[in-house]
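Student: The structure under discussion is supplied below as structure tokens; questions concerning it will follow.
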Amino acid sequence: MTTILLIITVTAIISFLAWRNPSLLDRWIMNPYQIYNRGEYHRLLTSGFIHADAGHLIFNMLSLYFFGGLIEQIFGALFGGLGPVYLIGFYLAGILVSDVPSYLKHRYDPGYNSLGASGGVSAIIFASIMVNPLARIYMYFIPIGIPGFVFGALYLAYSYYSSKQGRDNVNHDAHLYGAMFGIVFIVAVYPEVFPQFIEQISSWRPF
């Protein structure tokens, strides 16, 4: 079993358990108020392994599956036998880092909750885009694939705008900061990726 499949399996099992056990969901969900007042910092991490429903879980895990393989290969080349350890650490750090801004913003709001692996998944997706920015990404509402770096730019702009608006129940901050963490991390551990990224997008032509 690959490391990405292991993460997907563990996340799916924990999500199913949480759906069957509301008390587990309540203890593990990211509630900044509880973290701030009771010191329950585990929520910053455990919330990344539970999901609102099957659709939420499937979307995140499919995204992780399709983008994670490339990063697993890169980490294997960079770190050899320690590649899986670095990959798991990177994914968990993505979840943790992406939750911190939401914690700081909502720590006085007892009614705010957030859950899902979006922060870790966004980190994986954007690290993959940095490695292969011209890979085409297909979405059900766009009939043709768009280059990864174009998708990434639109995604970051949308997440930033939606975070400022705050008109829905989606934690756009987790998407935004998870993505930014993924970019910073892959450049830090694999510095060659940045000039390669620039070279690839410089050669791209829309038509």
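Student: Provide a single number: the residues in region 47-71 that are assigned to a helix (DSSP H, G or I) and either buried (at least 20 other Cβ atoms within 10 Å of the Cβ) or among the small types (Gly, Ala, Ser) (or both).
Tutor: So the answer is 14.
Student: Continuing with this model, one more query. For region 31-46, name all the residues that are surrounded by fewer than 16 Cβ atoms within 10 Å (Cβ to Cβ) and assigned to a loop (DSSP other than H, G, I, E, B).
Tutor: Gly39, Tyr41, His42
Student: Which of the residues spanning region 1-18 are touching a residue at least 24 places away in the same chain (Cβ under 8 Å) and over 27 Å from Ile74 (Cα atoms)?
Tutor: Matches in region 1-18: Ile14, Ser15, Ala18.
Student: Any chance region 42-53 includes a residue that's over 21 Å from Val121 (Cα atoms), free of Cβ contacts under 8 Å to residues at least 40 places away in the same chain and charged (D, E, K, R)?
Tutor: Within region 42-53, none of the residues are over 21 Å from Val121 (Cα atoms), free of Cβ contacts under 8 Å to residues at least 40 places away in the same chain and charged (D, E, K, R).
Student: Could you check region 75-107 and list, in sequence order, the residues that are surrounded by 22 or more Cβ atoms within 10 Å (Cβ to Cβ) and out of contact with any strand residue (DSSP E or B) (no Cβ under 7 Å at 6 or more places or on another chain)?
Tutor: Phe75, Leu87, Tyr91, Gly94, Ile95, Ser98
Student: So Leu134 fits all but one of (1) part of a helix (DSSP H, G or I); (2) in contact with a helix residue (DSSP H, G or I) (Cβ under 8 Å, 6 or more places away or on another chain); what number is the exception?
Tutor: Failing condition for Leu134: (1).
Bear in mind these aren't lab numbers, they're just calculated from the coordinates by the rules spelled out. Worth saying up front: this structure is predicted, and the values here are computed from it rather than measured. Every residue, glycine as well, gets a Cβ built from its backbone with ideal geometry; the counts of neighbours run over all protein chains shown.
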